[in-house]
1. Hey, among 65, 101, which residue is at negative phi, in a loop (DSSP other than H, G, I, E, B) and in contact with a Leu (Cβ under 8 Å, 6 or more places away or on another chain)?
2. Condition (residue is of a type in the set (Asp, Glu) and open to solvent by less than 20 Å² (accessible area, probe 1.4 Å)) applied to segment 50-65: is it met by at least one residue?
3. Residue check: is residue 81 at negative phi, in a loop (DSSP other than H, G, I, E, B) and more than 16 Å from ligand 1 (Cβ to nearest atom)?
4. Evaluate segment 108-127: report whether one residue or more is in contact (Cβ under 8 Å) with a residue 12 or more places away in the chain, surrounded by 12 or more Cβ atoms within 10 Å (Cβ to Cβ) and closer than 17 Å to residue 15 by Cβ.
5. Do we have any residue at all in segment 84-99 that's closer than 26 Å to residue 38 by Cβ and within 11 Å of ligand 1 (Cβ to nearest atom)?
6. Which one of these is among the aliphatic types (A, V, I, L, M) and open to solvent by less than 50 Å² (accessible area, probe 1.4 Å): 21, 45?
7. Can you tell me which residue is modelled with the lowest pLDDT among those in segment 140-149 that are away from ligand 2 (no atom under 16 Å from the Cβ) and open to solvent by less than 80 Å² (accessible area, probe 1.4 Å)?
Amino acid sequence: MFIELVEEDDGDRWRREFAGVPEEAREVRRFLRSLLAECAFLDDVLLGVDELAVNTIRHTRSGRPGGRFVVEVRWRQRDPEEKEGERVVVWVRDEGGPHEPAIPVGDDEFAEGGRGLLTLACTAETWGWFGDASGRTVCAVFAEPGCAV
Ligand SMILES: Nc1ncnc2c1ncn2[C@@H]1O[C@H](COP(=O)(O)OP(=O)(O)O)[C@@H](O)[C@H]1O
Ligand SMILES: [Mg+2]
């Protein structure tokens, strides 16, 4: 398992590349769990990022044979002196494709798909994406309730 540590001014960022196959979603969860074992809202992060990993495999070129995707994580622990709450930022970078991440609009409450980004929107404080057909990054910010992100 190759994990890269990127040191930044405002904390450390951990990066790992994964193969774009469904079995890797479990490895993504293990990676997050190993880094964020002490995180107070770990299960929200796991639930939300699992959807991002699955989307990358299902909806982007990362899911084609030989495709890869990259997960980066930054964890800021609670700092009572600075009055800053705990916060986790996760980036999932794919190899792009024709689609764009968007919560589907529609009133079919029994639809089988289209729940992933909705789940992310419920578990994360905020989320968004950038990039284009050659590669996109979905970013999600998780924070303890009431914490300014
Ligand atoms: N990383 C991504 N790159 C491009 N398109 C995406 C990505 N993630 C999601 N999408 C698009 O957003 C839609 C909604 O995603 P989601 O809510 O997870 O529902 P589902 O995966 O069940 O279709 C997907 O159907 C897909 O078209
Ligand atoms: Mg999905």
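The values are calculated or read from the model by the stated rules, or taken from the named source; none is laboratory data. These figures come from a predicted structure and were not determined experimentally. All Cβ positions, even for glycine, are placed from backbone atoms using ideal geometry, and neighbour counts span all protein chains on display. For accessibility, only protein heavy atoms count, side chains too; no ligands or nucleic acids. Shrake-Rupley method; radii C 1.70, N 1.55, O 1.52, S 1.80 Å.
1. Numbers: 65 fails: in contact with a Leu (Cβ under 8 Å, 6 or more places away or on another chain).
Within the list 65, 101, the selection yields 101.
2. Keep residues of segment 50-65 that are of a type in the set (Asp, Glu), which gives 50-51.
Cutting the leftovers down to open to solvent by less than 20 Å² (accessible area, probe 1.4 Å) gives us none.
No, because not a single residue in segment 50-65 is of a type in the set (Asp, Glu) and open to solvent by less than 20 Å² (accessible area, probe 1.4 Å).
3. Values: at negative phi: yes; in a loop (DSSP other than H, G, I, E, B): yes; more than 16 Å from ligand 1 (Cβ to nearest atom): yes.
Considered against the rule, which asks whether it is at negative phi, in a loop (DSSP other than H, G, I, E, B) and more than 16 Å from ligand 1 (Cβ to nearest atom), residue 81 comes out as yes.
4. No.
5. Within segment 84-99, the subset closer than 26 Å to residue 38 by Cβ is 84-93.
This time we only want the ones that are within 11 Å of ligand 1 (Cβ to nearest atom), so: 92-93.
Yes - at least one qualifying residue is present in segment 84-99.
6. On the way: 21 fails: open to solvent by less than 50 Å² (accessible area, probe 1.4 Å).
Residue meeting the stated conditions: 45.
7. First, pick out the residues of segment 140-149 that are away from ligand 2 (no atom under 16 Å from the Cβ): 141-149.
From what's left, open to solvent by less than 80 Å² (accessible area, probe 1.4 Å): 141-144, 147.
Numbers: 141: 97, 142: 96, 143: 94, 144: 85, 147: 57.
Of everything passing the filter in segment 140-149, 147 is modelled with the lowest pLDDT.
Matching residues to (1) within 28 Å of residue 145 (Cα to Cα); (2) within 16 Å of the chain's Cα centre (by Cα); (3) modelled with pLDDT under 95:
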residue: 38; (1), (2), (3): yes, no, yes
residue: 55; (1), (2), (3): yes, yes, no
residue: 67; (1), (2), (3): no, no, no
residue: 96; (1), (2), (3): no, yes, no
residue: 107; (1), (2), (3): no, no, yes
residue: 112; (1), (2), (3): no, no, yes
